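Some notes on the structure that comes next.
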Amino acid sequence: MMSITLAKTKLFAVSPILALTVAASLSTTSCTTSKAEYTDPDKAEILDDRWSETDLKKTASFLVDQVLARPWLQEYKGKHGGKAPVVIVDQIENRTEEVIDTKALTEYVQDELINSRKVRFVSDVSVRKRILDELKYQNGGAVSQASAKKTGNQTGADFMLEGSMSSSNHSKDGGAEKTIFYMTTMRLTNIETGEIEWTGKKELKKAFKKSSFGL
């Protein structure tokens, strides 16, 4: 009987502590909330050491300004009565070890160039294949001749714009300090002659330092 009474005494002695621990845990859990809000998409943000939307916009805007400001454009217009050249864009190649959406970067460059109204564009290879399939369908007898679009009337590109992205990173003090370097290079090639008319690059260097708390 004495052992049972002692066990009950210990249980009651521990229970208040256990109860406080459980209550504190539940209180912390119930007070944990998340908050989401819209932010300015044009605001520069550096959240970590990986390629970001800010990096994409900085790189694309710089390269677009460069290619439009170089002599090749005015030289072409001077030889063709002021007519804007036709360009086709190939997807930028990712040579980094990071998973980067270079298609998004390519499309951003293309959009900015199209909206500048200084150059004209034709569809890339994947879109042209779908257009060709549609033309074959329209001229296969299923569509009236009056509404079927004719083959042989597409506009040929004068220039191809292509590029690649590479990166390197360095760290010290066990990763407490880290520097990452991105370089995106683009080239504009005359399709008829094979001559490179323009080349440009954009370099980005970002430095990170962890706090004493590992943040």
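The values are calculated or read from the model by the stated rules, or taken from the named source; none is laboratory data. As the structure is a computational prediction, the values presented were derived from the model and not from experiment. Please note: Cβ atoms are built from the backbone with ideal geometry, for glycine as well, and neighbour counts cover all protein chains shown.
Here Ala146 fulfils each of the conditions (1) farther than 30 Å from His80 by Cα; (2) within 19 Å of the chain's Cα centre (by Cα) apart from (2). Note on region 86-114: residues that are in contact with an Asp or Glu (Cβ under 7 Å, 6 or more places away or on another chain), in a loop (DSSP other than H, G, I, E, B) and surrounded by 19 or more Cβ atoms within 10 Å (Cβ to Cβ) total 0.
Considering region 115-125, and only residues there that are modelled with pLDDT under 90 and part of a loop (DSSP other than H, G, I, E, B), the residue that is surrounded by the most Cβ atoms within 10 Å (Cβ to Cβ) turns out to be Asp124. When Lys103, Lys77 are checked against the criterion of being under 14 Å from Phe159 (Cβ atoms), assigned by TED's automatic domain parsing to the domain that holds Gly163 and not hydrophobic (A, V, I, L, M, F, W, C), a single residue qualifies: Lys77. All conditions in (1) surrounded by fewer than 15 Cβ atoms within 10 Å (Cβ to Cβ); (2) modelled with pLDDT of 95 or more hold for Val64, with the sole exception of (1). Tell me yes or no: at least one residue of region 134-146 is out of contact with any Asp or Glu (no Cβ under 7 Å at 6 or more places or on another chain), part of a helix (DSSP H, G or I) and small (Gly, Ala, Ser). So far as region 134-146 goes, no, none of its residues is out of contact with any Asp or Glu (no Cβ under 7 Å at 6 or more places or on another chain), part of a helix (DSSP H, G or I) and small (Gly, Ala, Ser).
Hey, any hits in region 126-147 for a residue that's surrounded by 10 or more Cβ atoms within 10 Å (Cβ to Cβ) and closer than 16 Å to Thr106 by Cβ? Yes: one or more hits. Taking Leu204, is it modelled with pLDDT under 95, among the hydrophobic types (A, V, I, L, M, F, W, C) and not in a helix (DSSP H, G or I)? Against the criterion (modelled with pLDDT under 95, among the hydrophobic types (A, V, I, L, M, F, W, C) and not in a helix (DSSP H, G or I)), Leu204 qualifies. When Leu68 is tested against (1) hydrophobic (A, V, I, L, M, F, W, C); (2) in the same structural domain as Met186 (by TED's automatic domain parsing); (3) more than 28 Å from Ser166 (Cβ to Cβ), exactly one condition is not met: (3).
For Thr185, are the conditions met, namely being modelled with pLDDT of 95 or more and not in a strand (DSSP E or B)? Here the answer is no, as Thr185 does not meet what is asked. Residue count for region 160-182 under the criterion of being more than 20 Å from Lys58 (Cβ to Cβ), at pLDDT below 95 and part of a strand (DSSP E or B): the result is 4.
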